[in-house]
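The values are calculated or read from the model by the stated rules, or taken from the named source; none is laboratory data. Quantities reported herein were computed from a predicted structural model and do not represent experimental measurements. Cβ atoms come from the backbone with ideal geometry, glycine included; neighbour counts cover every protein chain shown. Just so you know, the surface numbers come from the protein's heavy atoms only, side chains and all, with ligands and any DNA or RNA stripped out. Shrake-Rupley method; radii C 1.70, N 1.55, O 1.52, S 1.80 Å.
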Amino acid sequence: MSDVTSLAHLTDEEKYEHFMRRIENDEKIEAEDWMPDDYREQLIKLITMHGISEIMGAFPEKEWVPKAPTLHRKLAIMAKVQDEMGHGQLLLRVAEDLLKPYGKTREDIMQDLFSKRLKFHNVFHMPSPTWGDAAVIAWLVDGAAILSQTMMLKTSYGPYGRALKRICQEESFHSKHGESLVLSLAEGTPEQRRMLQEALNRWWEPLLMFFGPKSSKETGHTNVDKNLKYKLRSKTNEELRQEFLTKYVPKIKLLGLSVPDDTLHFDEEKGEWIYQEPDWQKFKEIIKGNGPKSDERLALRRSSYENSQWVRDALAEYRMAAV
Amino acid sequence: MTPEYKEVLTELLFQLADDDFIHAFRGSEWLGLAPHIEEDVAFSSINQDTMGHAVIYYKLLEDLGMGAADDLAHLRDASAFRNGVLLEFKNGSGEYLDSPQYDWAFTVVRHLFYDVYKKIKLEALKQSNYEPLANAARKILTEQTYHLMHWQTWFRQLMQSTEESRARMEQALLRCWEDMGGVLTYGQYGDEMTALGLIGSEEALKNTWLAEITKLFSEVDYKKPSDEPKMAHGNGRNGEHSADLDHALKILSEVYRSDSQASGW
């Protein structure tokens, strides 16, 4: 429910207190509701990054869409990558509403992406040189994404929560698709198994990085803390990473694959997984846009965007003429 | 089923399957590169439907003992493909991962031409005396209406907007006209296809297409070329193809061919 009119007579401080009470009472904030700039900015950061990650996330898999081995796999991976684009669209719509007071549009989001001001998930900066990578991405990257997105389902921002609900439903199909791809390779020829193991080796560190560093110590940011305060999220990066390991390490072993980390084990006493820390310095560089495939994928996005500028111009002109 | 009937039927089924398969493949290369995100999502739906149609036809061929559907799609040489050459042309210069300079105008016109024809053809196939094919046509037609609407909308908008857009579209129209004849033909067994009751006559369908396209052209004030649609780059129905088909087949079968021992993917 909108509370725009009822708040009109309050000072900013009172508005903020009212807002925080709503957060503490687990009320949902809607697009038209009063919100502190800080909250709005956190949301914009979170949701544009999420949305653009979905769109850039189409690229590592896109490589394998035309090459998918069978008719069935071709249809499935097309549907899957289309879903990711659809998620991007859904999220950008949510972000666009939040950007309105700043007079910004999707065009600004795209330009921020091209100038590397807007970051996207580390995993989508990585190469995917074989069909095995397509399988590992669909199984484990999507698996990791499900964990972090499910955690945010109860987010305090209503429109984001509703978008996530739909996204999570579709993601569960993706992880089944991923499981099926992985299973076919794991049960296949020595060559197919080798392809799968090599892909897992490539993706292990990026997967650990996916959840972000344990604390602000590693990267010096406070976004996680803020997001917890505003109940945009409910778990820390490390809690999610532990969940991921608990869920997937046994499955990986069951398939007869090995995890490329000799130190990985579950410490019964501490009740947690011990693992080789990823290189957080490398992580920082990757999300800054200096990963192995960052420039190439951004160039692909940018050149296709520029190449079709005439189409968007034509559509705008056509709409103008129709008014 | 006489041997002659079967031979002509499989010829027709390969034309139908390969048209949709190659067309959907070229469409799938656009994924992530369409003019805007909404179109990316919509276009991908269309490509999935179209490839799904190809799967239906390949399965009909499989049922006739022509080999596994996946082998038919991935292991034949270009000369065995029966698609119209227009459908195999690259979307533009560059590769789908490397500096693609894809041509949206060409894509819109190619899809419009093809989908107007596909709908006419499916209507005709509903009367086919090969029952599994008539059933397939009925099923596919339910999706075809939406595809056609999609491309008609693009066509009207891009033909009636900026000068640049109009110029690009007119160029694409001329280019597609050069090879649309290769889609409209049934190839060397065309007369037999009709005589055996598999599909209405090539001439009748072509004339329906010309009438519908002329109507669309006049809506946007475009004059139909005076000559018939040609097949400047060969008749794909008879196995003549451009180098672009080799390029497509190499990509789409790369993984499938990579491990000859593999029994599944």
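Restricting attention to region B:28-44, and to residues there that are at the interface with chain A (Cβ under 7 Å from one of its Cβ atoms) and among the small types (Gly, Ala, Ser), which single residue is farthest from the chain's Cα centre (by Cα)? First the steps, then the outcome.
Here is the first cut: in region B:28-44, the ones at the interface with chain A (Cβ under 7 Å from one of its Cβ atoms) are B:28-29, B:31-33, B:35-38, B:40-41, B:44.
Cutting the leftovers down to among the small types (Gly, Ala, Ser) gives us B:28, B:32, B:44.
Working: B:Ser28: 13, B:Gly32: 21, B:Ser44: 15 Å.
Residue satisfying both the conditions and the ranking: B:Gly32.
Conditions: (1) among the β-branched types (Val, Ile, Thr); (2) in contact with a Pro (Cβ under 9 Å, 6 or more places away or on another chain); (3) within 12 Å of another protein chain (Cβ to nearest Cβ). A:Ile137 meets all but one. Number of the miss?
The failed condition is (3).
How many of the residues making up region A:306-323 are open to solvent by 30 Å² or more (accessible area, probe 1.4 Å), within 11 Å of chain B (Cβ to nearest Cβ) and either under 30 Å from A:Leu207 (Cα atoms) or of a type in the set (A, V, I, L, M) (or both)?
4
Quickly run through region B:250-264 and pick out the residues that are open to solvent by less than 20 Å² (accessible area, probe 1.4 Å) and more than 23 Å from the chain's Cα centre (by Cα).
Listed by number, the residues that qualify are B:Val255, B:Asp259.
Restricted to region A:1-24, and to residues that are part of a loop (DSSP other than H, G, I, E, B) and either at positive phi or not hydroxyl-bearing (Ser, Thr, Tyr) (or both), which residue is surrounded by the most Cβ atoms within 10 Å (Cβ to Cβ)?
Looking at the filtered set, the residue picked out is A:Asp3.
What helices (runs of 4 or more DSSP H), lying completely within region B:153-243, carry at least 3 residues that are away from every other protein chain (no Cβ under 14 Å), among the polar types (S, T, N, Q) and open to solvent by 20 Å² or more (accessible area, probe 1.4 Å)?
Correct list: B:202-219.
Would you be able to say whether some residue in region A:206-228 is at pLDDT 95 or above, open to solvent by less than 30 Å² (accessible area, probe 1.4 Å), among the β-branched types (Val, Ile, Thr) and out of contact with any His (no Cβ under 7 Å at 6 or more places or on another chain)?
No, that holds for no residue.
Say whether the condition of being in contact with a strand residue (DSSP E or B) (Cβ under 9 Å, 6 or more places away or on another chain), of a type outside the set (Phe, Trp, Tyr), within 14 Å of another protein chain (Cβ to nearest Cβ) and within 27 Å of B:Arg175 (Cα to Cα) is met by at least one residue in region B:109-131.
no
Looking only at residues that are of a type in the set (Val, Ile, Thr) and in contact with a Ser or Thr (Cβ under 9 Å, 6 or more places away or on another chain) in region A:236-286, which one is surrounded by the fewest Cβ atoms within 10 Å (Cβ to Cβ)?
Initial filter on region A:236-286 (of a type in the set (Val, Ile, Thr)): A:236, A:246, A:249, A:252, A:259, A:263, A:274, A:286.
Restricting the remaining residues to those that are in contact with a Ser or Thr (Cβ under 9 Å, 6 or more places away or on another chain) gives A:236, A:252, A:274, A:286.
Values: A:Thr236: 17, A:Ile252: 18, A:Ile274: 12, A:Ile286: 23.
Of everything passing the filter in region A:236-286, A:Ile274 is surrounded by the fewest Cβ atoms within 10 Å (Cβ to Cβ).
Can you run down the residue pairs with Cβ atoms below 7 Å, 6 or more apart or on separate chains, where the first is in region A:48-62 and more than 13 Å from chain B (Cβ to nearest Cβ) and in contact (Cβ under 8 Å) with a residue 12 or more places away in the chain and the partner is part of a helix (DSSP H, G or I) and aromatic (Phe, Trp, Tyr)?
Qualifying pairs under 7 Å: A:Ser53/A:Phe124.
Of everything in region A:82-135, what is within 16 Å of the chain's Cα centre (by Cα) and under 18 Å from A:Pro292 (Cα atoms)? Give them in sequence order.
Across region A:82-135, the qualifying residues are A:Leu113, A:Leu118, A:Lys119, A:Phe120, A:His121, A:Asn122, A:Val123, A:Phe124, A:His125, A:Met126.
Among the residues of region B:34-49, how many are open to solvent by less than 10 Å² (accessible area, probe 1.4 Å) and either out of contact with any Phe, Trp or Tyr (no Cβ under 9 Å at 6 or more places or on another chain) or under 22 Å from B:Ser253 (Cβ atoms) (or both)?
3
Consider A:Asp279 against the criteria (1) under 29 Å from A:Ser180 (Cβ atoms); (2) more than 14 Å from every other protein chain (Cβ to nearest Cβ): it satisfies all of them except one. Which criterion is unmet?
Of the numbered conditions (1) under 29 Å from A:Ser180 (Cβ atoms); (2) more than 14 Å from every other protein chain (Cβ to nearest Cβ), the odd one out for A:Asp279 is (1).
If I filter region B:53-68 down to residues being surrounded by fewer than 19 Cβ atoms within 10 Å (Cβ to Cβ) and assigned to a helix (DSSP H, G or I), which single residue comes out as farthest from the other protein chains (Cβ to nearest Cβ)? Walk me through how you get there before you give the answer.
From region B:53-68, those surrounded by fewer than 19 Cβ atoms within 10 Å (Cβ to Cβ) are B:59, B:62-68; that's our starting set.
Within this subset, residues satisfying the condition of being assigned to a helix (DSSP H, G or I) are B:59, B:62-63.
Details: B:Lys59: 9, B:Glu62: 11, B:Asp63: 15 Å.
That would be B:Asp63.
Output the residues belonging to region A:25-45 that are over 21 Å from A:Asp97 (Cα atoms) and either touching a residue at least 12 places away in the same chain (Cβ under 8 Å) or surrounded by 11 or more Cβ atoms within 10 Å (Cβ to Cβ) (or both). Full working, then the answer.
If we filter region A:25-45 for residues that are over 21 Å from A:Asp97 (Cα atoms), which is where we start, we get A:25-26.
A:Asp26, the sole residue that qualifies.
Check off (1) modelled with pLDDT of 95 or more; (2) within 9 Å of chain A (Cβ to nearest Cβ) for B:Gly94 and give me the number that stays unchecked.
All conditions pass for B:Gly94, except number (1).
Which of the following residues is within 26 Å of the chain's Cα centre (by Cα) and free of Cβ contacts under 8 Å to residues at least 60 places away in the same chain: A:Asp267, A:Asp313, A:Asp295?
Just a single option satisfies the conditions, and that option is A:Asp295.
Hey, among the residues in region A:287-305 that are among the basic types (Lys, Arg) and within 28 Å of A:Gln242 (Cα to Cα), which one's least open to solvent (accessible area, probe 1.4 Å)? Before you say what the answer is, go through the steps one by one.
Let us first name the residues in region A:287-305 that are among the basic types (Lys, Arg), namely A:288, A:293, A:297, A:301-302.
With the extra rule that they be within 28 Å of A:Gln242 (Cα to Cα), the set shrinks to A:288, A:293.
Values: A:Lys288: 97, A:Lys293: 43 Å².
Top of the filtered list is A:Lys293.
Name the pairs: first residue in region A:89-116 and of a type outside the set (Val, Ile, Thr), second residue open to solvent by 60 Å² or more (accessible area, probe 1.4 Å) and in a helix (DSSP H, G or I), Cβ to Cβ under 6 Å, at least 6 apart or on different chains?
Within 6 Å, the pairs are A:Phe114/A:Arg302.
Per-residue answers, yes or no, for (1) of a type in the set (A, V, I, L, M); (2) assigned to a helix (DSSP H, G or I); (3) within 25 Å of A:Lys67 (Cα to Cα):
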{"site": "B:Asp70", "(1), (2), (3)": "no, yes, yes"}
{"site": "B:Arg76", "(1), (2), (3)": "no, no, yes"}
{"site": "B:Ser79", "(1), (2), (3)": "no, yes, yes"}
{"site": "B:Lys90", "(1), (2), (3)": "no, no, yes"}
{"site": "B:Arg110", "(1), (2), (3)": "no, yes, yes"}
{"site": "B:Ile120", "(1), (2), (3)": "yes, yes, no"}
{"site": "B:Ala124", "(1), (2), (3)": "yes, yes, no"}
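Please work out if A:Arg73 is over 22 Å from A:Ala145 (Cβ atoms), of a type in the set (Lys, Arg) and out of contact with any strand residue (DSSP E or B) (no Cβ under 9 Å at 6 or more places or on another chain).
No; evaluated as a whole, the condition is false for this residue.
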